[in-house]
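The values are calculated or read from the model by the stated rules, or taken from the named source; none is laboratory data. In this text, all values refer to a predicted model and were calculated from it rather than measured experimentally. In this analysis, Cβ positions are derived from the backbone assuming ideal geometry, glycine residues included, and neighbour counts consider all displayed protein chains. The area values use the complete protein model at the heavy-atom level, side chains included, leaving out ligands, DNA and RNA. Shrake-Rupley method; radii C 1.70, N 1.55, O 1.52, S 1.80 Å.
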Amino acid sequence: MLVLMGPPGVGKGTQAARLEAALGLPQVSTGALLRAARRDGSALGVEAAKFMDAGNLVPDEVVVALISRRLAESDAQAGAILDGFPRTVSQAESLDSMLKAKNRSVDRALLLTVDETAVIDRILGRRTCMQCNSVFHIRSKPPRVAGTCDACGSELISRKDDNEEAIRTRLATYRASTEPVVGFYRSHGVLREVDGGQTVDKVFEGLQGALNH
Ligand code: AP5
Ligand code: MG
């Protein structure tokens with residue numbers, strides 16, 4: 001099982017999609033699962049939206065239940081690339097117990113780092129496809145047709161939490177709740193750091209190198 005970590009906007013979704021294609025393991029993004037639940041109008045999605053729009057974390061028990069169901073699906077039996085989970089030490093402990101029950105473990109936790117000013121520009125310029133989760137940027141990765149997803153032709157939007165106020169809260173939440181997870185994986189010997197401030201291709205090379213060391 002691979003865990004892809006890092007602050008909002010660092011490039012987790014972008015790199016998880018590339019790793020999915022390279023490794024043949026599914027990308028499992030809790031953010032995308034929660035946004036899909038909201039789009040479907042489920043009670044869980046509506047409840048989660050209140051936390052997400054403000055940039056706060058959705059309660060642990062909600063995301064742990066969501067990820068547990070997702071990891072029980074057939075395509076995740078050989079492993080998965082977790083994008084945005086775990087985000088608290090309690091979630092990391094729940095993941096360990098879930099995996100232990102199947103005689104598995106987290107093989108690598110890959111941490112992407114970047115400075116905060118860069119992530120704000122990345123997030124404000126991001127355009128996301130809510131159908132297939134493809135991610136674009138108005139300058140660094142513009143879609144072929146403005147406002148339309150290259151992959152599936154659906155409309156591209158700015159996420160509700162992609163405004164400066166929510167981004168500041170997301171960064172503060174990352175520092176307070178998710179940075180301790182970095183220490184958790186470091187102490188387990190599985191953490192590897194990659195500079196997420198480089199080009200998408202260079203970051204991808206760094207991640208592939210980190211998987212082998
Ligand atoms: P989530 O959807 O996971 O959002 P996030 O962690 O804030 O991260 P982002 O998706 O914003 O950024 P990213 O790192 O994926 O970057 P991307 O590749 O898109 O979570 C959203 C919310 O859901 C949370 O706030 C919380 O409320 C809830 N939630 C989710 N998981 C949870 C959990 N486990 N527990 C509790 N609550 C949870 O890239 C960003 C932009 O930069 C794009 O435009 C991209 O094109 C561009 N870009 C990417 N890489 C580069 C590069 N190398 N150079 C230049 N531009 C780049
Ligand atoms: Mg993402």
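With the structure loaded, tell me whether Met98 is surrounded by 14 or more Cβ atoms within 10 Å (Cβ to Cβ), within 14 Å of ligand 2 (Cβ to nearest atom) and not in a loop (DSSP other than H, G, I, E, B) or whether it fails that test. Taking the combined requirement at face value, the residue does not satisfy it. For the stretch 125-141, give me each residue that is polar (S, T, N, Q), within 14 Å of the chain's Cα centre (by Cα) and near ligand 1 (Cβ under 8 Å from one of its atoms). Selection gives Thr128 alone.
This table checks each residue for (1) more than 24 Å from Gly11 (Cβ to Cβ); (2) part of a helix (DSSP H, G or I).
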site: Leu33; (1), (2): no, yes
site: Phe51; (1), (2): no, yes
site: Leu57; (1), (2): no, no
site: Glu61; (1), (2): yes, yes
site: Gly79; (1), (2): no, no
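Across the stretch 9-20, which residue is farthest from ligand 1 (Cβ to nearest atom) among those that are within 16 Å of Lys141 (Cα to Cα) and open to solvent by 30 Å² or more (accessible area, probe 1.4 Å)? The extreme case among them is Arg18.
If I filter the stretch 68-90 down to residues being within 16 Å of ligand 2 (Cβ to nearest atom) and open to solvent by less than 70 Å² (accessible area, probe 1.4 Å), which single residue comes out as farthest from Leu211 (Cα to Cα)? Only one residue fits best here, namely Arg70. Taking the listed residues Leu124, Leu44, Leu110, the one that is over 21 Å from Gly196 (Cβ atoms) and aliphatic (A, V, I, L, M) is Leu44, with no other qualifying. From (1) part of a strand (DSSP E or B); (2) under 20 Å from Leu19 (Cβ atoms); (3) open to solvent by 40 Å² or more (accessible area, probe 1.4 Å), pick out the condition that doesn't hold for Leu111. Unmet for Leu111, out of (1) part of a strand (DSSP E or B); (2) under 20 Å from Leu19 (Cβ atoms); (3) open to solvent by 40 Å² or more (accessible area, probe 1.4 Å): (3). State whether the residues of the stretch 42-59 include one that is crowded, with 20+ Cβ neighbours inside 10 Å, of a type in the set (S, T, N, Q) and within 8 Å of ligand 1 (Cβ to nearest atom). Taking every residue of the stretch 42-59 in turn, none turns out to be crowded, with 20+ Cβ neighbours inside 10 Å, of a type in the set (S, T, N, Q) and within 8 Å of ligand 1 (Cβ to nearest atom).
Answer yes or no: is there a residue in the stretch 149-171 that is assigned to a loop (DSSP other than H, G, I, E, B), aliphatic (A, V, I, L, M) and modelled with pLDDT under 95.
In the first step, residues of the stretch 149-171 are kept if they are assigned to a loop (DSSP other than H, G, I, E, B); the result is 149-154, 158-163.
Now drop any that are not aliphatic (A, V, I, L, M), which leaves 151.
Next cut, modelled with pLDDT under 95 only: none.
The answer is no; no qualifying residue exists.
Being open to solvent by 80 Å² or more (accessible area, probe 1.4 Å) and farther than 17 Å from Pro8 by Cα is a condition met by at least one residue of the stretch 117-135. Restricting the stretch 21-41 to residues that are within 17 Å of Val106 (Cβ to Cβ) and open to solvent by 10 Å² or more (accessible area, probe 1.4 Å) leaves a set whose member that is nearest to ligand 2 (Cβ to nearest atom) is Ser29.
Scanning the stretch 188-204 for residues that are more than 8 Å from ligand 1 (Cβ to nearest atom), assigned to a helix (DSSP H, G or I) and surrounded by 13 or more Cβ atoms within 10 Å (Cβ to Cβ) yields a total of 1.
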